[in-house]
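To start, the structure under review is shown below, and the notes come after it.
The values are calculated or read from the model by the stated rules, or taken from the named source; none is laboratory data. Computed from a predicted structure; not experimentally measured. Ideal geometry is used to build each Cβ from the backbone, glycine not excepted, and the neighbour counts take in all protein chains shown.
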């Protein structure tokens, strides 16, 4: 079960539950995967609705890795992510929001 207070998000992939979390290491991997720009640029794209499928996939892979997943991004090409493309985009946006939330 995912703990939102720890920045975790739950996702179903091919009917199997996973916990995603953007740890510092996962964020570094995400930045590397994107190749250009900063995480702030990525967040701005999500906030402005100008994100790409590559952005969504990179965030999800990083979040899965932060949650302990040892797969590769290529493992997700044929995977069914709960909610389809819209669900995947919401998952990525939620991961980014939780990673950079400040405690109340």
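If only residues of region 41-64 that are touching a residue at least 40 places away in the same chain (Cβ under 8 Å) and in contact with a helix residue (DSSP H, G or I) (Cβ under 7 Å, 6 or more places away or on another chain) are counted, the one that is surrounded by the fewest Cβ atoms within 10 Å (Cβ to Cβ) is 43.
Please enumerate the residues belonging to region 1-26 that are within 11 Å of the chain's Cα centre (by Cα), in a helix (DSSP H, G or I) and either under 15 Å from residue 93 (Cβ atoms) or modelled with pLDDT under 90 (or both). Of everything in region 1-26, nothing turns out to be within 11 Å of the chain's Cα centre (by Cα), in a helix (DSSP H, G or I) and either under 15 Å from residue 93 (Cβ atoms) or modelled with pLDDT under 90 (or both). Of the residues 51, 46, only one is outside any helix (DSSP H, G or I) and closer than 22 Å to residue 4 by Cβ; which? Only one candidate passes the filter, namely 51.
Of all the criteria given as (1) loosely packed, with under 13 Cβ neighbours inside 10 Å; (2) modelled with pLDDT of 90 or more; (3) assigned to a helix (DSSP H, G or I), the one not satisfied by residue 70 is (3).
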